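What follows is a single structure, written as structure tokens, with notes after it.
The values are calculated or read from the model by the stated rules, or taken from the named source; none is laboratory data. The shown structure was predicted, so the numbers you read here are calculated from the model rather than taken from an experiment. Note that each Cβ is placed from the backbone with ideal geometry, even for glycine, and that neighbours are counted across all protein chains shown. The area values use the complete protein model at the heavy-atom level, side chains included, leaving out ligands, DNA and RNA. Shrake-Rupley method; radii C 1.70, N 1.55, O 1.52, S 1.80 Å.
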Amino acid sequence: VSFLHCKESNYIDQYIVMIENPIKEIYGKDTVESWNTELLIGAKFPLFSLESSSGFKLNNDSLKGKNTFLVLWFTGCLPCVAEIPGLNRFYEDCKETNITIYGVTYNTKSEVMNAGLFDKIHYPVFYDYKNFIDSTLQWNFGGYPTIFFINEKQIIKKILRGGRIDSSASDSVYMQMKLCLK
């Protein structure tokens, strides 16, 4: 299950989450069976390192001093695909600021191309990162898309979860992301 914390939204704003392998450094416990999503808010984002097919590296150091939206998605997720135009619009609005957006998918680049999405995404995407989602984050996500808003100090400030598949999905994600910056 993923999360939503922009209270102005029409979505459900609280979920119970099951964790398979909690990160002791973040949660302060060896085991957590279920908990309120508010526990992630204020936690430091875990150490990670990703590399794009073009050689661009994204890691904790590259996030310092930037407000970052990390979008977890996949090609078979209708809400993920429906939100792409809104994510593109947000990216275009913010690319000359200290606000960044990155997509992370477990799909390969060729799978994204075969789905007809490669040319439709304007923001940087890291492909074939199932290991990052499953092992580094170690959270059991029961739904996509999930968007982490991480501040310039690498603290998780908000976690958004989409779900709409109609024409309002694009505007909805755009407005949710804008609200997170207030």
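Scanning region 27-71 for residues that are assigned to a strand (DSSP E or B) and either at pLDDT 80 or above or farther than 24 Å from residue 162 by Cα (or both) yields 44, 49, 50, 51, 57, 58, 59, 67, 68, 69, 70, 71. For region 54-67, a residue qualifies if it is open to solvent by less than 90 Å² (accessible area, probe 1.4 Å) and of a type in the set (Ser, Thr, Tyr), and exactly one does: 62.
All told, residue 150 meets the bar of being more than 14 Å from residue 87 (Cα to Cα) and at pLDDT 85 or above. The number of residues in region 100-115 that are at pLDDT 90 or above and in a loop (DSSP other than H, G, I, E, B) comes to 3. Would you be able to say whether some residue in region 160-175 is closer than 27 Å to residue 64 by Cβ, in contact with a strand residue (DSSP E or B) (Cβ under 7 Å, 6 or more places away or on another chain) and outside any helix (DSSP H, G or I)? Taking every residue of region 160-175 in turn, at least one turns out to be closer than 27 Å to residue 64 by Cβ, in contact with a strand residue (DSSP E or B) (Cβ under 7 Å, 6 or more places away or on another chain) and outside any helix (DSSP H, G or I). Number of residues in region 95-117 that are closer than 15 Å to residue 84 by Cα, surrounded by 15 or more Cβ atoms within 10 Å (Cβ to Cβ) and not hydroxyl-bearing (Ser, Thr, Tyr) equals 5. Among the residues of region 159-178, just one is within 15 Å of the chain's Cα centre (by Cα), open to solvent by 40 Å² or more (accessible area, probe 1.4 Å) and at pLDDT 90 or above, namely 178.
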